[in-house]
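The values are calculated or read from the model by the stated rules, or taken from the named source; none is laboratory data. Please read these numbers as outputs of a predicted model, since none were measured by experiment. Here Cβ is always computed from backbone atoms with ideal geometry, including for glycine, and neighbour counts include all displayed protein chains.
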Amino acid sequence: MKLIQYFCLLLLLVIGVGCEENMPLTYEGKDAVYIYSTNHTRTTEQTFFLIPESQERDTIWIQVQLMGKVASKKRPFVLKQINVAEDNAAISGIHYVSFDDSEMSSHLFIEKDCAEVQVPIILLRTPDMELNKYKLVLAIEENEYFAAIDLPYYADYTIMTTAIAVKPSRWDTTWYSLFGEWGSEKMKFIIEATGYTSWDESINDSQYKAYLQTKCKTALYEYNQSHPDEPLTEADGTLVEFP
């Protein structure tokens, strides 16, 4: 009996220690804000290749989260680029709308009684993006209202922007069975034929998948019929084909 009681006591002690280790940390000190992400990555890749050539701007929304207590007044925070000295750094006012621009200033606040805000990062298309990728590393600078966050993982957030074709991360798992091997000309053709651009999302609708595939096959057949001596190919001469 005593042996059983001993083991029960030991079990309670272990559970108690485990609970203490998993309790949320108590926040102390000056409030802070940081760029939050839910997809276990601190980088977003954007390409103007996926949108019409006439569209010169694209917006990436980031979530800025409060660490601390909500306040009864509106509080501004300072968003800045921290990689300006790098060779491939995005240039303020050229590759994205400057954070001190009037278009941005109204977004750089935590409203009263709020703990988060969605902030638009407005990217600008430039001719040199057809050949280059540009990097924008964001951080929130300390000011009179908010401290710099002391958590390295959340200290910065990266946005890559270009107009080069970028293979979607889900191509091999979601799209390969419908469209076959990825290629930049193939992808451009699919977008023009279907208008579909949400390549990093999953589609569970089998009928819609079949529709996209059929639409592309039909469009490719019609294109090649009207260009008998110049069928659609990739830049290296590989024929564009669908399964």
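Which of the residues belonging to segment 172-220 are out of contact with any helix residue (DSSP H, G or I) (no Cβ under 8 Å at 6 or more places or on another chain), farther than 14 Å from GLU241 by Cβ and aromatic (Phe, Trp, Tyr)?
TRP175, TYR208, TYR211
Every residue in segment 70-98 that is loosely packed, with under 13 Cβ neighbours inside 10 Å, within 19 Å of THR59 (Cα to Cα) and touching a residue at least 24 places away in the same chain (Cβ under 8 Å), please.
Selection gives ILE94 alone.
Could you please let me know if LEU66 is over 30 Å from GLY183 (Cα atoms) and at pLDDT 90 or above?
Yes; evaluated as a whole, the condition is true for this residue.
Which one is modelled with the lowest pLDDT among residues in segment 202-219 that are within 17 Å of TYR176 (Cα to Cα) and surrounded by 14 or more Cβ atoms within 10 Å (Cβ to Cβ)?
ILE203
I need the full set of residues from segment 112-141 which are more than 16 Å from TYR36 (Cβ to Cβ) and assigned to a loop (DSSP other than H, G, I, E, B), in order please.
Of everything in segment 112-141, those that are more than 16 Å from TYR36 (Cβ to Cβ) and assigned to a loop (DSSP other than H, G, I, E, B) turn out to be LYS112, ASP113, ARG125, THR126, LEU131, ASN132.
Out of curiosity, is PHE109 surrounded by 16 or more Cβ atoms within 10 Å (Cβ to Cβ), of a type in the set (A, V, I, L, M, F, W, C) and touching a Pro at 6+ places or on another chain (Cβ under 8 Å)?
Considered against the rule, which asks whether it is surrounded by 16 or more Cβ atoms within 10 Å (Cβ to Cβ), of a type in the set (A, V, I, L, M, F, W, C) and touching a Pro at 6+ places or on another chain (Cβ under 8 Å), PHE109 comes out as yes.
Could you check segment 29-58 and list, in sequence order, the residues that are under 23 Å from TYR96 (Cα atoms) and exposed (fewer than 12 other Cβ atoms within 10 Å of the Cβ)?
So in segment 29-58, the residues under 23 Å from TYR96 (Cα atoms) come out as 33-37, 41-58.
THR41, PRO52, GLU53, SER54, GLN55, listed by residue number.
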